[in-house]
Amino acid sequence: MTLSSEALDFISGRRRLFAVHQSYANAGYRDLLRRVAREVPSAALGSVVSLSTSTPANAAARMALGTRAHIQLADPQLWKHDTSGWPAVKPGEPKKAFTYSWWPSAKPHSAPVDAAWVAEVLQTQRDAGANLLLSATGWVEPSNARKSLDDATRWVQASRDAVLGEPMLVNLAFDLSWLSNPTQRSMLLTELVESTESLWYLRFFWPTNTVRYGQLARADVLDGYAELVAVAAAEDKRLVLANTGLTGWVATALGGAGLSTGNSWPEQAFVDSPGGGGGKGARKERYFDVNVLHTVEHPAQTRLARQTGYVRCTCAYCTSLFGGGPWSHAYAGSHGVMKAAALTEGIISAPNPRASAHATVTSAIAFNARLTGTAALSGNDRPRHLPLWDQLLR
Amino acid sequence: MDGFELLFYYDLDDGADAPTPQGSGAEIGRLFGTSAARFLGAGSFGETWYLPADAAGNSERAVKIIMNPLYPAKRIEAEISGLQRVSHANVVGFVDHVTVSLAIGPREALVFDYVDGGDLSSKLAIETIPVAAVLPFAIAMLGAVEAMHAAGTVHRDIKPENIALRGGEVGDPVLLDLGLARLLDAETMTLYPAPMGTCPFMAPEQVRLERASKQADVWALGVVLYIMLTGRHPFFGPRTAAKTSEEALAAYQAGPPPLPTAVPADLAESVMTMLSYEPHVRGSARRHHRRLSNPLEGRP
C-alpha cells in the first residue's frame, strides 16, 4: 500500500492523527472531511469505516468517500461479536448486519490463534480500501486480567505475523477498569512498554451513565488516560485513542498521538448506545459549544450566545444551523467534529500542546464562571469535566 | 514464600565458593575434538568450559553443558530459537547446539563464541570502575538488551557474572547466558528452590513470584549500573545483613539511595528510573539506549 507523506509522518511520530468516523448515515461525509482537513492541517487526517455494519461492496463504497484522508481505516469492530465478552454485546444484531465470511467464526481471544482467520480479517480491510491495517483483535476482558491481556497479545502477534511488514495498529478495546484499577493499569502500561509494536489504536468503554455527548468526569480514569499517553510518548509509541472525542483532545495535549471522533455519540465515545436520538421521546437538539468545551442543549446555547464575550462559530454548518431553518442534528454533529479538529490544530501546532490546551480550558472555566441567572448551566449542560481537565493539564 | 525462603544480600565474589565441575577437561575436550577443555564456571543447571582453537578450523569457543537432566528440552529449543534471532556485538554469539555423551550420560550443550577478558564480577572484586567508564558500558549493554528484547528473548538473569568484558575493557561488555537464564522464573523456582537463596538482581515482580519479563532485565541492569557507579548494592548489604523477601520488597519500594553527584545527570536519571518499583515506570531498554546514546533526544 502506498502511503502519503502525512501518513508516513504519523507512523514515524512526526504528526498526530485526527480521525473522523464515518456515520452509517454518511451524507455529507466527503464535504465534512474536506472542511476538517482545512481545520487541522498539521495532523494526518484519518477516515474510519466500520466493517460491522457494511457489506463488502458497501464498505468499499463508503471507504471511497474518505479518500481525501491520509489514513483510511476499516475497523472490524470485533468487540461486537457475541463471543467477545464485551458486556454490551447484542447477540444476533451484528450477525444480521455482518456479511463477512469470517464474522461467524470469530472467537474470543482465549481461543487458540487461528492464523488463517486473522489473515482473512486483515485482507478484508485491504479489500475495503484501508491503507493502514488494524490488528484482528477486540475486547480484552477485565476479569482474569493477566490472562486476558496475554491472550490478546497472542492474537496481536498473529496479526503482526500476517501483515508481512506492513504497518499495523494494535487494535484493542478495554473496560475502563484498565485505566482506573492500579493493577490492571500497570499490566497494560507494562505491555505497552515491553511490546515491540509502535502503533496503538485503543478504545476504552465508557460507563452507560455517561452524559450523552458529554465527557468523562472521573479523576481516576482521566489520570489513567494521562499516564497511558505519557508512557507511550516516553517509549516513542504512537497511541491513538479511538472514539474518545474531546477527552482524546486532552490526552493528545498530554502526549497522545491523536484521537478519533465523529458526528454521533457512539462515534465520539465508546459507549453502549441505544441508538437513535437518545432513548425515549424526541431527539434532543444538542450543540457543542466551544466557549464551555461542552455539548449543551440548544436552548442553553441560545442563552449562552447572549453573554458578553461569547464567541460564535462561523463554520459552514453553523451558518446553516442558525440560519432560521429547522434544527439539523447532522449539521450540529459536523460542527462538533469541526471544532474538535480546530481545537486539535490549536494544540498540535503550539510549541507546548499541554500549556495551549490548559489555556483553552482555563478560558472555558472562566466563561462558565461568569454565567449567572438563567444563563448558568445546570444538569447535563453543566461542564463537570472542566475542573478535572484543569487539574490534569496544569 | 511457597515453602522456601529467599534471602537477599550482595557480596562480591571472592572465589571462595568456586564450584567443582562434574565433567573433566580431557573428556570434554575429546568430545569437541580439541585439546583439553578448561573449566570456566558453573551455574545451577550447567557448566561452562573453554574450548581452545582446533585443527578443524574452529576458533576459541565456550560450551555450556546442561548437567541437570531435569532441564526441560522444550526450553532449550525455545531458547536456541531466541539466541538465533539475536545478533548484536554485545551479545554473545551462538554457534551450535549439540548432544554430548558424558560418563554420566548424554547431555545437551550449547556452544558460543568465547569472550576473553574475564567478567564484570571479577573486575568489581578487584577494582573500582571509573564513573566515566560506566556510560559507554551502559550504552553497550542497553543496546544488547534492546536487541534481545526486540527479538522476543528475555534474559532474566543479568548480573555481573553474566557480563564478559571483551579484552578486559569495561566499555566493551558482552552479555552471556541469555536463554538459560529463563530458568529464573516462578515455575522453575518452585522446581529448584535450593540454589535460589541469593537473588540480589531480582526485580520486585520476580520476588513476588509474578511473571517477570523484559522489565525485569531492565531492573537487573539498573542494579548492575548502580553497583558500578557506587561500589555498593542499591538495596542490600552483605550476607550478615541478609534481607527476607518482605524486607527486600520494602527496600525496593523505598527506592535506592541517591547516586553521587559526580555521576552525569543523564546516566543518573536513567539508572534511578530503571530501579523503579513498577515495571512500566522503569522504561524500556530501547528508551534508555536511545536517550543515553543521543543525549539531546526528547529534550525541549
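The values are calculated or read from the model by the stated rules, or taken from the named source; none is laboratory data. Values in this document were obtained by computation on a predicted structure and should not be read as measured data. Cβ atoms come from the backbone with ideal geometry, glycine included; neighbour counts cover every protein chain shown.
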Quick check on A:W178: is it within 14 Å of chain B (Cβ to nearest Cβ), closer than 22 Å to A:G258 by Cα, crowded, with 23+ Cβ neighbours inside 10 Å and under 23 Å from the mean Cα position of the chain (by Cα)?
yes
Residue count, the stretch A:122-143 (criterion: under 15 Å from A:R154 (Cβ atoms) and surrounded by fewer than 23 Cβ atoms within 10 Å (Cβ to Cβ))
1
Can you tell me which residues in the stretch A:24-51 are surrounded by fewer than 21 Cβ atoms within 10 Å (Cβ to Cβ) and in a loop (DSSP other than H, G, I, E, B)?
A:Y24, A:A25, A:N26, A:A27, A:G28, A:P41, A:S42
Specify the residue that is nearest to B:S24 (Cα to Cα); the eligible residues are those in the stretch B:79-120 that are assigned to a strand (DSSP E or B) and polar (S, T, N, Q).
B:S101
Considering only residues that are farther than 26 Å from B:V131 by Cβ and either in contact with an Asp or Glu (Cβ under 9 Å, 6 or more places away or on another chain) or of a type in the set (D, E, K, R) (or both), which ones fall in the stretch B:241-278?
B:K243, B:T244, B:S245, B:E246, B:E247, B:E278
One residue from A:R312, A:R283 being at pLDDT 95 or above, loosely packed, with under 14 Cβ neighbours inside 10 Å and either under 22 Å from the mean Cα position of the chain (by Cα) or not hydrophobic (A, V, I, L, M, F, W, C) (or both):
A:R312
Restricted to the stretch B:147-161 and to residues being of a type in the set (A, V, I, L, M, F, W, C), out of contact with any Ser or Thr (no Cβ under 7 Å at 6 or more places or on another chain) and outside any helix (DSSP H, G or I), the residue surrounded by the fewest Cβ atoms within 10 Å (Cβ to Cβ) is B:A151
Residue selected from the stretch B:254-279 under the condition within 14 Å of chain A (Cβ to nearest Cβ) and among the charged types (D, E, K, R), by the criterion nearest to B:I158 (Cα to Cα):
B:E278
Residue under evaluation B:A285, criteria (1) touching a residue at least 60 places away in the same chain (Cβ under 8 Å); (2) exposed (fewer than 13 other Cβ atoms within 10 Å of the Cβ); (3) within 14 Å of chain A (Cβ to nearest Cβ), criterion not met:
(2)
Restricting to the stretch A:183-220, give me the number of residues that are part of a loop (DSSP other than H, G, I, E, B), within 26 Å of A:T137 (Cα to Cα) and either of a type in the set (F, W, Y) or in contact with a Cys (Cβ under 6 Å, 6 or more places away or on another chain) (or both).
1
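Quick grid of which residues meet (1) in contact with a His (Cβ under 6 Å, 6 or more places away or on another chain); (2) crowded, with 20+ Cβ neighbours inside 10 Å; (3) among the aliphatic types (A, V, I, L, M):
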site	(1), (2), (3)
A:A60	no, no, yes
A:T67	no, no, no
A:H81	no, yes, no
A:A88	no, no, yes
A:S110	no, no, no
Would it be correct to say that A:G214 is in contact (Cβ under 8 Å) with a residue 12 or more places away in the chain, closer than 14 Å to A:A19 by Cα, away from chain B (no Cβ under 14 Å) and of a type outside the set (A, V, I, L, M, F, W, C)?
no
Being surrounded by fewer than 21 Cβ atoms within 10 Å (Cβ to Cβ) and under 24 Å from A:L33 (Cβ atoms) narrows it down to one of A:S363, A:S349, so name that one.
A:S349
Residue satisfying all of: in the stretch B:128-158; of a type in the set (V, I, T) and more than 14 Å from every other protein chain (Cβ to nearest Cβ); nearest to B:H288 (Cα to Cα) among these
B:I139
Only one of A:V292, A:V221, A:V231, A:V240 is within 14 Å of another protein chain (Cβ to nearest Cβ) and in contact with a Leu (Cβ under 7 Å, 6 or more places away or on another chain). Can you tell me which?
A:V231
B:T244: among the hydroxyl-bearing types (S, T, Y), free of Cβ contacts under 8 Å to residues at least 12 places away in the same chain and away from chain A (no Cβ under 14 Å), yes or no?
no
Which pairs turn up if I take residues in the stretch B:256-282 that are within 14 Å of B:P234 (Cβ to Cβ) and look for partners that are of a type in the set (S, T, Y) and in a loop (DSSP other than H, G, I, E, B) with beta carbon separation below 9 Å, at least 6 apart in sequence or on another chain?
B:A268/B:T261; B:R282/B:S276
Taking B:L40 as the residue in question, decide whether it is modelled with pLDDT under 85, surrounded by fewer than 19 Cβ atoms within 10 Å (Cβ to Cβ) and more than 15 Å from B:V98 (Cα to Cα).
no
Can you confirm whether B:A125 is buried (at least 20 other Cβ atoms within 10 Å of the Cβ) and more than 14 Å from chain A (Cβ to nearest Cβ)?
no
Is at least one residue of the stretch A:336-346 buried (at least 21 other Cβ atoms within 10 Å of the Cβ), assigned to a helix (DSSP H, G or I) and out of contact with any Phe, Trp or Tyr (no Cβ under 8 Å at 6 or more places or on another chain)?
yes
Could you tell me which numbered condition A:I11 fails, if it satisfies all but one of (1) aliphatic (A, V, I, L, M); (2) surrounded by fewer than 24 Cβ atoms within 10 Å (Cβ to Cβ); (3) closer than 27 Å to A:Y317 by Cα?
(3)
Taking the condition at pLDDT 95 or above, surrounded by fewer than 22 Cβ atoms within 10 Å (Cβ to Cβ) and either outside any strand (DSSP E or B) or away from chain B (no Cβ under 14 Å) (or both), does A:G248 pass?
no
Being without any contact (Cβ under 8 Å) to a residue 24 or more places away in the chain and polar (S, T, N, Q) is the filter here, so list the residues in the stretch B:65-97 that pass it.
B:S81, B:Q84
What helices (runs of 4 or more DSSP H) lie completely within the stretch A:88-166 and have 3 or more residues being within 14 Å of another protein chain (Cβ to nearest Cβ)?
A:145-163
For the stretch B:125-146 the number of residues that are part of a helix (DSSP H, G or I) and either at pLDDT below 95 or of a type in the set (S, T, N, Q) (or both) is 2
Checking A:E345 against (1) free of Cβ contacts under 8 Å to residues at least 60 places away in the same chain; (2) of a type outside the set (A, V, I, L, M); (3) within 30 Å of A:R14 (Cβ to Cβ), the condition it does not meet:
(1)
